[in-house]
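The values are calculated or read from the model by the stated rules, or taken from the named source; none is laboratory data. Remember, it's a predicted structure, so these values are computed and weren't measured experimentally. Cβ atoms come from the backbone with ideal geometry, glycine included; neighbour counts cover every protein chain shown. Quick note on the areas: whole protein, heavy atoms, side chains included, nothing else; ligands and nucleic acids left out. Shrake-Rupley method; radii C 1.70, N 1.55, O 1.52, S 1.80 Å.
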Amino acid sequence: MAEPYRIVENARLDARNTFGVAARAPLLVEVADTAALPELFGYAMLRDGPVLVLGGGSNLLFAGDPEGTVLALGGQRIGFVEDDPDLAIVRADAGVEWHTLVLWTLGHGLAGLENLALIPGTVGAAPIQNIGAYGAEVRECIHRVEAFERATGELQRLDREACAFAYRDSVFKREPDRFVVTAVEFALSRTPALDGSDLKLDYAGLREELAAMQIDTPRASQVAEAVCRIRRRKLPDPALLGNAGSATFPVLSPQDVGATRKLSAAWLIDACGWKGYREGDAGVADTHALVLVNHGTATGAQLLDLARRIAESVAQRFGVSLEPEPRVIGAAW
Ligand SMILES: Cc1cc2nc3c(=O)[nH]c(=O)nc-3n(C[C@H](O)[C@H](O)[C@H](O)COP(=O)(O)OP(=O)(O)OC[C@H]3O[C@@H](n4cnc5c(N)ncnc54)[C@H](O)[C@@H]3O)c2cc1C
């Protein structure tokens with residue numbers, strides 16, 4: 001795409017969300033160069049109207065069509081900002097596929113993102129819900145987030161503190177209409193301890209997987225490989241079965257974070273008998289009770305309806321309230 005941006009009217013979004021549900025954007029703006037954002041947000045449609053920034057659509061449920069404008073960032077650059085013997089600062093455009101960045105950093109001998117291998121989506125979305133997996137969260141490696149602030153029309157560089165990260169949360173998630181994330185800088189280690197002592201291996205199943213790979217003292221790239229092997233076994237591939245990863249998590253006391261929170265949500269849903277449930281093409285994965293799946297032609301509204309009924313049954317039986325992890329578009333939870 002040579003021009004800085006391209007506008008498509010009445011654009012189909014079916015292939016732009018991992019549930020694979022049908023949706024249309026009244027206006028889709030594909031932005032190749034984020035330098036065009038001040039101009040674009042000068043137009044009334046974007047300045048005053050609703051704008052949805054869309055990455056890989058792997059944490060969204062289109063229960064209806066989005067209103068207003070959908071903005072998709074296409075930048076694909078990855079490069080070094082600093083490259084010292086111990087620590088490197090790597091900057092990646094928002095449009096880069098997350099796993100591509102993980103492989104790039106590992107290929108350049110950098111450690112830090114290995115536990116987050118194979119999470120679907122884009123770099124720009126990673127800070128939004130502070131993606132996490134296998135005992136790591138992306139905030140641990142984020143140096144700065146570069147974001148276009150819609151109200152001021154200025155490019156901001158937010159350090160880790162300004163991002164106000166928490167479990168699956170950040171300032172970007174709490175104030176979804178404030179920023180468009182244009183790039184992220186990561187601080188990554190170039191000289192991980194030779195004995196692997198600074199790698200995070202404590203998450204259930206990780207050491208066992210490395211043992212099965214006959215690796216005693218893993219390197220970061222081998223941890224990533226182990227994570228990929230486990231994920232491929234456990235989670236349905238959205239290219240084959242539409243889903244958005246974990247569909248819900250329970251609202252519990254602040255101490256119950258991370259794995260406990262996810263495990264208990266899966267356990268509660270399973271205990272209510274939903275694992276493997278199917279109703280038309282909407283269902284729950286038979287491998288993982290947290291994952292809602294589209295077997296083919298389910299609509300977003302059908303998936304949302306199923307998610308609500310699952311949450312109701314858990315609330316009735318256990319008194320625990322579940323919240324959706326994906327952002328629901330076009331309907332209220
Ligand atoms: C099979 C599967 C497994 C998953 N596993 C995990 C996991 O282990 N851990 C985890 O944390 N998540 C997981 N997820 C959820 C998802 O991969 C992440 O939330 C991912 O970061 C979403 O990226 P995306 O580009 O697809 O974002 P989208 O779904 O397109 O958008 C998600 C949200 O971010 C906003 N957004 C996106 N890009 C920008 C931007 N540039 N600026 C401002 N806002 C933006 C959107 O408006 C929306 O609110 C999984 C999903 C699937 C399908």
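Quick notes on this structure:
- The chain, accessible surface, carbon-and-sulfur percent (1.4 angstrom probe): 51 percent
- Solvent exposure of the chain amounts to 46 Å² per residue of accessible area, where only protein heavy atoms count and the probe is 1.4 Å.
- Residue among Gly112, Asn59, Trp98 farthest towards the positive dipole end of the chain, charges placed on Cβ: Asn59
- FRET efficiency estimate (nearest 0.05) - Cβ-Cβ, Ala271 to Ser197, R0 35 angstrom: 0.35
- Glu208 versus Asp305: modelled label distance in nm, points set 7 Å from Cα along the beta carbon direction: 3.9 nm
- Percent of beta bridges antiparallel (DSSP, the stretch 1-87, rounded to nearest 5): 45 percent
- Straightening the chain between Trp333 and Ile89 buys 84.0 nm, computed as 0.36 nm per residue apart minus the Cα-Cα spacing.
- For the set Thr18, Thr152, Thr69, solvent exposure ranked by accessible area (probe 1.4 Å, protein chains only) runs largest to smallest as Thr152, Thr18, Thr69.
- The stretch 122-185 versus the stretch 88-117: alpha-carbon centroid distance in Å: 16 Å
- Compactness index (Cα Rg / 2.2 N^0.38 Å), the chain: 1.00
- Sites Asp281 and Glu67, calculated FRET efficiency, Cβ-Cβ separation with R0 41 Å, nearest 0.05: 0.95
- Modelled label positions at Glu154 and Gln76, each set 7 Å beyond Cα in the direction of Cβ, lie 3.3 nm from each other.
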